[in-house]
Amino acid sequence: MLTLARPASFLLACVLSTAAVVGVLAVASPAVAAPVSGTYHATTPTRVLDTREGGGVGVSAGAIGAFQEAVLQVAGSTPVPAGASAVVLNVTVTAPKRSGYVTLYPDGGVRPTTSDLNFEAGQTVATLVVVSVPASGKLHLFNGSAGTVHLVADVSGYYTGANAPSGQGAFGALPPRRLLDTRDGTGAPEAAVLSRKAVAFTVTGNGVPPGASAVVLKVTVTEPMSAGYVTAYGGSRPTASNLNFLKSQTVSNLVVVPVGSDGRVSLFNGSTGTVHLLADIAGYFLAGDPVNPGALGALSPVRLLDTRDGTGGAKLAVPPLQARTVSVRGRGGVPLAIAGTDADTGSVILNVTVTAPTASGFLTVYGGPVRPVVSNLNFVEGQTVPNLVVTQVSTAGTVTLYNGSPGTVELLADVSGYIPNVQAPLPATSTSHYIRNITGVSADVLTMQTEGCADARSGSTFVLLVVGAQSKATALLADGTWLSPSNPGVRLTNQSSVVRLSYPQLRRALDAYTLGVSSCAVGNVTVAIGTNSSGFSDAYPASVKGADWADEVMDKLVVRPQVTLTGANDIEASFGDTQANAVIWETSYLGATSSNLVYSGSADSCPTSFGSTADCGAAAGQSGPSWTRADYANLAYRLSPGRITALPQVYYGSQAVQWANINVTAGRAIVFAGVLTENASACGLDCAMTPGQGWAALYHSLSTTVTTPSIPVVTDLRVDS
């Protein structure tokens, strides 16, 4: 960290602290298995370069000459070991004689045409840099100005395996490459960006894999015709800014920005004049909620603090030399478990902005009990300055922002990510099935027995067998009739014709399956036998369907060693039945059997924002009134606490958030059997989550309402051949 003395004037008192922008993985790793590739390792902030007189750290003391460079040995000694793949440095230029820029690059490589920070004559300015480390462990720092400069660099952490990242939320380092330059047509048309307009450019395919959750960009504004700001975003534009500028000023900042579903990122010009914009790629984060310590959980920006309107605290400017503490735990998607003991407290990524300062000064953001003697951003009177900050969270789940100036300031903070410091206990994937390959003939026995044995041998500990529907839907059975009390059974889908399977035929197939499981299992396997009771219940009343599933299916199945049987129902509002009929089915089923029940439906049209108190809306194709959050809580828990478990479908992260909100409605008492994803062959492009991603999304979402969620299994639905 830069430890320049704080002059009495408070002008540019401190430079950016080692709460580094791309230290987004900056947490101390607990004692777990070897980290995945692309994991960040936090270090004690350490000075590795100082060219000032009396400094001489890393190189001999002396200013860097015009268009000359310093060579720094950064790896192979404390705190960065040999073999580190990338390093995070806080680089500061001070006492520059002329305007210019600084570029960092690995030893042995060609100096890129990009810059890492820009400066004016006499200006002290700092920025964060992520740069790949070569085998030699050396980096070059180039002074791109016609005058001398002094350089200071502090290391705050390093990456291992960032050249071949693996695991959800892992970081992948990339050599600097310009993806956007509106001055010459790189990435977008050759034209200045108009006032209050945005320019979009593609980031995937430039070393960034499809589906990456976020990218690290150095964004630069140049030739602005008036003062303003730039917002970087993927998807919907947030209200936060990433850098602010004055007329004719060239300024840059490192940003971590989510990637849109189209693989693009947008930069919005929030000024009344035109600007030219540049963006250089530095790295990316793999998609998925993190399950390993030190991985990034990317979030859509949510405002947690605004002293101007009272968000997150009092509607009051922060007084001179005073601090404002804001709660971050459980807000905006930040897990409750982000704050634990001193040893396992995680971190959050905040875009922090100072506005309307009445005097010059600095801001320090911290989560520990003692305020550090560094700053995160510097400002002058009347200036608006944002900066991305990564800070550990206090054991109380808070972050503190200190106003180091003799005047008042207004403060804003938007959360855009979190960094867990605990290992999420990701279970092995079990396989579940749509039963679509049986027709009621004797050959079903061998087919199902073979399948049961295969599932047991693959290590499945929980299997959901989804067997057609008890509803009439919109098609007659092959014999021209509807399912009814006099013509009961299930209607199998994806058949060349609509096939009715009678309950005796179904039991024969299911008994064969459990025989296969029992014969080949090493430990106990839970087999949930499910159907879909939704759809219209006029011809086959819900009360009869529920009792039939108990009496004619579950209670007549053979009890096998190492096999636990439970019923299941895929209940969804969009399938057309009423919530009242869903309750009747469950009540009838539970009243007719001692077997438990797994709710395996979705929460159609329920709110997908973390912590939302809104209710559910009308689902597509739904008849009758909307289902409420309380309705889903009843079906997934309250109708029979202790006998109903929830196996929610999670094909998108938003579906996991729905269940976190419903769990709050249920008093945080829903028991989750696991999470259900669906193999792409079953539902095509609708299936966006791998089993691990689906489980991690549900774990993350629930961890915003309960500290340590229990989700013992992840199971993937597949279509039988």
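Would it be correct to say that Thr608 is closer than 17 Å to Tyr651 by Cα, modelled with pLDDT of 90 or more, surrounded by fewer than 19 Cβ atoms within 10 Å (Cβ to Cβ) and not aromatic (Phe, Trp, Tyr)? Full working, then the answer.
Working: closer than 17 Å to Tyr651 by Cα: yes; modelled with pLDDT of 90 or more: yes; surrounded by fewer than 19 Cβ atoms within 10 Å (Cβ to Cβ): yes; not aromatic (Phe, Trp, Tyr): yes.
Yes, satisfied.
I need every pair where a residue in segment 687-709 that is within 16 Å of Ala669 (Cβ to Cβ) and without any contact (Cβ under 8 Å) to a residue 40 or more places away in the chain has its Cβ under 6 Å from the Cβ of a residue that is in a helix (DSSP H, G or I) and of a type in the set (A, V, I, L, M, F, W, C), sequence separation at least 6 or different chains.
Correct list of pairs: Pro709/Leu702.
In segment 540-565, what count of residues is obtained for those that are in contact (Cβ under 8 Å) with a residue 60 or more places away in the chain and open to solvent by less than 50 Å² (accessible area, probe 1.4 Å)? Let's see the steps before the verdict.
Step one: of segment 540-565, the residues in contact (Cβ under 8 Å) with a residue 60 or more places away in the chain are 540, 545, 548-549, 552.
When the remaining residues are screened for being open to solvent by less than 50 Å² (accessible area, probe 1.4 Å), the result is 540, 545, 548-549.
So the count comes out to 4.
Within segment 497-523, track down each residue that is of a type in the set (Phe, Trp, Tyr) and either over 39 Å from the mean Cα position of the chain (by Cα) or surrounded by fewer than 19 Cβ atoms within 10 Å (Cβ to Cβ) (or both). Step through it out loud before you land on a result.
Looking only at segment 497-523, we keep the residues that are of a type in the set (Phe, Trp, Tyr), and these are 503, 513.
Scanning segment 497-523 gives a single hit, Tyr503.
In this structure, is Thr481 under 30 Å from Leu702 (Cα atoms), β-branched (Val, Ile, Thr) and either modelled with pLDDT under 85 or open to solvent by 30 Å² or more (accessible area, probe 1.4 Å) (or both)? Let's see the steps before the verdict.
Details: under 30 Å from Leu702 (Cα atoms): no; β-branched (Val, Ile, Thr): yes; either modelled with pLDDT under 85 or open to solvent by 30 Å² or more (accessible area, probe 1.4 Å) (or both): yes.
No: the conditions fail for Thr481.
Listed here are the residues, each with its yes/no results for (1) touching a residue at least 12 places away in the same chain (Cβ under 8 Å); (2) in a strand (DSSP E or B); (3) within 30 Å of the chain's Cα centre (by Cα); (4) over 25 Å from Val302 (Cα atoms).
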| position | (1), (2), (3), (4) |
| --- | --- |
| Gly333 | yes, no, yes, no |
| Thr353 | yes, yes, yes, no |
| Thr364 | yes, yes, yes, no |
| Gln383 | yes, no, no, no |
| Pro406 | yes, no, no, yes |
| Val415 | yes, yes, yes, no |
| Tyr418 | yes, yes, yes, no |
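Given the conditions (1) under 12 Å from Gly270 (Cβ atoms); (2) in contact with a Lys or Arg (Cβ under 8 Å, 6 or more places away or on another chain); (3) open to solvent by 30 Å² or more (accessible area, probe 1.4 Å), report the number of the one that Thr231 does not fulfil.
(3)
Tell me which residues, restricted to segment 362-384, are surrounded by fewer than 18 Cβ atoms within 10 Å (Cβ to Cβ) and of a type in the set (A, V, I, L, M).
If the condition is that a residue be surrounded by fewer than 18 Cβ atoms within 10 Å (Cβ to Cβ) and of a type in the set (A, V, I, L, M), then Val370, Val373, Val380 are the ones that fit.
Checking the conditions here, which among Ser612, Ser605, Ser537 is of a type in the set (Ser, Thr, Tyr), in contact (Cβ under 8 Å) with a residue 40 or more places away in the chain and under 30 Å from Arg303 (Cα atoms)? I'd like the intermediate steps shown before the answer.
On the way: Ser605 fails: in contact (Cβ under 8 Å) with a residue 40 or more places away in the chain; Ser537 fails: under 30 Å from Arg303 (Cα atoms).
Being of a type in the set (Ser, Thr, Tyr), in contact (Cβ under 8 Å) with a residue 40 or more places away in the chain and under 30 Å from Arg303 (Cα atoms) holds for just one of Ser612, Ser605, Ser537, which is Ser612.
Is there any pair with a first residue in segment 448-460 that is part of a helix (DSSP H, G or I) and open to solvent by less than 10 Å² (accessible area, probe 1.4 Å) and a second that is of a type in the set (S, T, N, Q) and modelled with pLDDT of 95 or more whose Cβ atoms are under 7 Å apart and which are 6 or more apart or on different chains, and what are they?
Every condition considered, the pairs that remain are Gly452/Thr514.
Which strands (runs of 3 or more DSSP E) sit wholly inside segment 39-128 and have at least 1 residues that are open to solvent by less than 10 Å² (accessible area, probe 1.4 Å) and without any contact (Cβ under 8 Å) to a residue 60 or more places away in the chain? Show your work before the answer.
Numbers: elements: 39-50, 69-73, 86-94, 100-106, 117-119.
Of the strands (runs of 3 or more DSSP E) lying wholly inside segment 39-128, those with at least 1 residues that are open to solvent by less than 10 Å² (accessible area, probe 1.4 Å) and without any contact (Cβ under 8 Å) to a residue 60 or more places away in the chain span 86-94, 100-106, 117-119.
Condition check: buried (at least 17 other Cβ atoms within 10 Å of the Cβ), at pLDDT 95 or above and assigned to a strand (DSSP E or B). Does Thr526 satisfy that?
Values: buried (at least 17 other Cβ atoms within 10 Å of the Cβ): yes; at pLDDT 95 or above: yes; assigned to a strand (DSSP E or B): yes.
Criteria met by Thr526.
How many residues does segment 136-185 contain that are farther than 28 Å from Ile349 by Cβ and in a strand (DSSP E or B)?
8
Within segment 401-420, identify whether any single residue is modelled with pLDDT under 90, of a type in the set (Gly, Ala, Ser) and either closer than 28 Å to Gly692 by Cβ or surrounded by 17 or more Cβ atoms within 10 Å (Cβ to Cβ) (or both), and answer yes or no.
Yes, because at least one residue in segment 401-420 is modelled with pLDDT under 90, of a type in the set (Gly, Ala, Ser) and either closer than 28 Å to Gly692 by Cβ or surrounded by 17 or more Cβ atoms within 10 Å (Cβ to Cβ) (or both).
Is one or more of the residues making up segment 154-175 under 20 Å from Val251 (Cα atoms), touching a residue at least 24 places away in the same chain (Cβ under 8 Å) and open to solvent by 10 Å² or more (accessible area, probe 1.4 Å)? Steps first, please.
Pass one, segment 154-175, residues under 20 Å from Val251 (Cα atoms): none.
For segment 154-175, residues under 20 Å from Val251 (Cα atoms), touching a residue at least 24 places away in the same chain (Cβ under 8 Å) and open to solvent by 10 Å² or more (accessible area, probe 1.4 Å): absent.
In segment 567-593, which residue that is open to solvent by less than 10 Å² (accessible area, probe 1.4 Å) and not in a loop (DSSP other than H, G, I, E, B) is farthest from Ile529 (Cα to Cα)?
Of all residues in segment 567-593, those open to solvent by less than 10 Å² (accessible area, probe 1.4 Å) come to 567-569, 571, 573, 576, 582, 585-586, 589.
Filter once more, keeping what is not in a loop (DSSP other than H, G, I, E, B): 567-569, 573, 582, 585-586, 589.
Numbers: Gly567: 5, Ala568: 5, Asn569: 8, Ala573: 21, Ala582: 17, Trp585: 15, Glu586: 14, Tyr589: 13 Å.
If we take residues in segment 567-593 being open to solvent by less than 10 Å² (accessible area, probe 1.4 Å) and not in a loop (DSSP other than H, G, I, E, B), then Ala573 is farthest from Ile529 (Cα to Cα).
The values are calculated or read from the model by the stated rules, or taken from the named source; none is laboratory data. Computed from a predicted structure; not experimentally measured. FYI the Cβ positions are ideal-geometry reconstructions off the backbone, even for glycines, and counts take in every protein chain you see. In case anyone asks, the SASA skips ligands and DNA or RNA and just uses the protein heavy atoms, side chains included. Shrake-Rupley method; radii C 1.70, N 1.55, O 1.52, S 1.80 Å.
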